[in-house]
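Trainee: There's a structure below that I have some questions on.
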Amino acid sequence: QVQLVESGGGLVQPGGSLRLSCVASGSIFRIYSMGWYRRAPGKQRELVAVITSGDITNSADSVKGRFTISRDNAKNTVYLQMNSLKPEDTAVYYCNTVPNDGGYWGQGTQVTVSS
């Protein structure tokens, strides 16, 4: 099973940027499609961006043009560059495989967008 450690969250003003990182254990990381998910207060977890093993990316309409997902297979790491952040982006952000059975999640990293 892949183990996941997210980092890079914090408090940022509207319009600001953050870069999240997720380090995954396991030598077969490169074969997985990976995604960044988020859970906002009172809402269900949602998938915001995905990157396949072939580096094809896609993102939710709510973040399209602002968030960019990337990966470095040599470092077993997936990134989420978040620009033009909005208060509604406030959430705990998680990475995980896509799809996944929901049985394992890392601790996540809190992103708070507020003035």
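Trainee: Of all residues in the stretch 72-115, which are among the hydrophobic types (A, V, I, L, M, F, W, C), in contact with a strand residue (DSSP E or B) (Cβ under 9 Å, 6 or more places away or on another chain) and open to solvent by 50 Å² or more (accessible area, probe 1.4 Å)?
Mentor: Passing the criteria: only Trp105.
Trainee: Looking only at the stretch 10-32, filter to residues that are crowded, with 18+ Cβ neighbours inside 10 Å and at pLDDT 95 or above; which one of those is farthest from the chain's Cα centre (by Cα)?
Mentor: Val12
Trainee: Quick check on my filter: what residues within the stretch 58-115 are in a strand (DSSP E or B), polar (S, T, N, Q) and farther than 15 Å from Gly35 by Cα?
Mentor: Residues satisfying the conditions are Gln110, Thr112.
Trainee: Search the stretch 71-88 for residues being more than 12 Å from the chain's Cα centre (by Cα) and among the polar types (S, T, N, Q), and hand back the single one that is nearest to Arg30 (Cα to Cα).
Mentor: Here the residue is Asn73.
Trainee: Being open to solvent by less than 30 Å² (accessible area, probe 1.4 Å) and touching a helix residue (DSSP H, G or I) at 6+ places or on another chain (Cβ under 9 Å) narrows it down to one of Ala60, Ala40, so name that one.
Mentor: Unique residue meeting the criteria: Ala40.
Trainee: Just to be sure, is Thr68 open to solvent by less than 60 Å² (accessible area, probe 1.4 Å) and under 11 Å from the mean Cα position of the chain (by Cα)?
Mentor: In short, no.
Trainee: Right, here's the next one. Can you give me the number of residues within the stretch 1-14 that are under 13 Å from Val113 (Cα atoms) and in contact with a Leu (Cβ under 7 Å, 6 or more places away or on another chain)?
Mentor: Residues that pass the stated criteria total 4.
The values are calculated or read from the model by the stated rules, or taken from the named source; none is laboratory data. Worth saying up front: this structure is predicted, and the values here are computed from it rather than measured. Glycine also receives a Cβ, built like all others from the backbone with ideal geometry; neighbour counts cover every protein chain displayed. For accessibility, only protein heavy atoms count, side chains too; no ligands or nucleic acids. Shrake-Rupley method; radii C 1.70, N 1.55, O 1.52, S 1.80 Å.
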